[in-house]
Amino acid sequence: MAKILFGVSGGIAAYKSLEVVSALRKRGEELKIVMTEEATKFVAPLTFSVVGKCPVYVEPFQSIEGSVIHTTISQWAEIMVIAPLTANTAAKMACGIADNLLTMSALAFNGLKIASPSMNVRMYENPITLENIEKLKKNGWHIVEPESGHLADGEYGKGRYPKAELLIFEIDRMLTPHDYEKKKVLITAGPTREAIDPVRYVTNRSSGKMGYELARAAYLRGADVKLISGPVNIDAPYGVEVLNVESAEDMKRAVLKNAKWADIVIMAAAVADYRPAHISTSKIKKTSDELNIKLVKTDDILKELSKIRLSSQFIVGFAAETDDLLRNAQKKLKEKNLDMIIANDVSRKDIGFDSNYNEVKILCKDGEIISLQRNEKRLIAHNILDTIKSQSFKEF
Ligand code: CTP
């Protein structure tokens, strides 16, 4: 678990840091909190201490563990987070002023640094503040931009504290080793929808969760990620460019258009194998007792891709099977000319479609088979990326 030094400076958004601190504490992170004197006017140190189950320091010039406090806590932490970062604290930090425990600790700290400026829009947009924030960026601070919207004082504009989820995601991204740095990863996810008429379509039960977790994990690990997504009910992962598509034909076009860009392609989408031969332009009325819809095969995107693939690219498929998992997956690995295929049993109710869990077998081109036990898709995604890395680096 990470050792996090969490700094709170004195803005109205200080209370929003309680949610972030609470979430970090629940995950088991080790926290120490530093507040400016001004921040204590908005939220009592006791509240942060109880929510974070951790010490909260305000006073400089005291000793802990036999050393002055700012050097002790700044050496202890691996990451320093300052949220909210006020215009005043940003200005001091940009000039190297260390006149309270927070600015002293920030100046002494040389680990991973992340800050989230929140303030009134006019203070934020003042060129002096923007210049100070630029200086902090040059000095290694990763800045999470404030959101635009209604501000506490009734004004509207940029300056809102970001969503707790985003700040935590950015903290995670800093803490995660960037072993996919400079890698371009193209991922497909979700089902496709094949229109019958303007109101009806043929689709499948894919939720898109596995592909979205892969996209999220790859971005956390430093990759540039494009996600081509069929219709799903999942929020776009932070930092990932999402290209929304509907039909297998749309998905094919989007994949082939972006294929050359990618070092790694992961086809996690459940592409429809058949589509209606004709799409009725008007709603089909229920005039007859039976309705036959002629279906025709869609193009196999992976097969098309393998025709134009670059030799440096690493292509991964998924095999959704209800029977004979390994044999069917082996066949697809070969026929689609893949480097790797992830086989999952979609007949099981406790994993796969729409579940947050999965259990998969990874079949590599060299014949190696890796079994991943049932686990959250979030973690399975990282295991899959570990295997891609170990397999692809042989070829890259
Ligand atoms: N796939 C594809 N284009 C299609 C169908 C599937 O690129 N028209 C990809 C999927 O994204 C997946 C892999 O091929 O990565 C295997 O998909 P799957 O549905 O398991 O198998 P199919 O090839 O469709 O064969 P079958 O449905 O007969 O099992």
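The values are calculated or read from the model by the stated rules, or taken from the named source; none is laboratory data. A quick note: this is a predicted structure, and the numbers were derived from the prediction, not measured. All Cβ positions, glycine included, derive from the backbone under ideal geometry; neighbour counts span all protein chains shown.
Quick notes
- Strands (runs of 3 or more DSSP E) completely within region 105-223 that count 1 or more residues being in the same structural domain as Lys377 (by TED's automatic domain parsing) and either in contact with a strand residue (DSSP E or B) (Cβ under 9 Å, 6 or more places away or on another chain) or not hydroxyl-bearing (Ser, Thr, Tyr) (or both): 184-189
Rundown of residues vs (1) at positive phi; (2) of a type in the set (Ser, Thr, Tyr); (3) under 27 Å from the mean Cα position of the chain (by Cα), yes/no style:
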position: Tyr15; (1), (2), (3): no, yes, yes
position: Leu18; (1), (2), (3): no, no, yes
position: Glu29; (1), (2), (3): no, no, yes
position: Val43; (1), (2), (3): no, no, no
position: Pro55; (1), (2), (3): no, no, no
position: Gly66; (1), (2), (3): yes, no, no
position: Ala77; (1), (2), (3): no, no, yes
position: Asn88; (1), (2), (3): no, no, no
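- Residue, surrounded by the fewest Cβ atoms within 10 Å (Cβ to Cβ), within region 235-253, restricted to residues that are of a type outside the set (Gly, Ala, Ser), more than 15 Å from the ligand (Cβ to nearest atom) and closer than 26 Å to Tyr201 by Cα: Asp235
Yes/no per residue for (1) touching a strand residue (DSSP E or B) at 6+ places or on another chain (Cβ under 6 Å); (2) within 15 Å of the ligand (Cβ to nearest atom); (3) closer than 19 Å to Lys252 by Cβ:
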site	(1), (2), (3)
Lys285	no, no, no
Asn292	no, no, no
Ile308	no, yes, yes
Ser312	no, no, no
Asp324	no, yes, no
Asn328	yes, yes, no
Asn337	no, yes, yes
Val346	yes, yes, no
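- The single residue among Ile301, Ile264, Ile279 that is in the same structural domain as Ser206 (by TED's automatic domain parsing), modelled with pLDDT of 95 or more and within 11 Å of the ligand (Cβ to nearest atom) turns out to be Ile301.
- Number of the exception - Asp354 against (1) crowded, with 18+ Cβ neighbours inside 10 Å; (2) away from the ligand (no atom under 12 Å from the Cβ); (3) at positive phi: (1)
- Leu256 being buried (at least 16 other Cβ atoms within 10 Å of the Cβ) and not acidic (Asp, Glu): no
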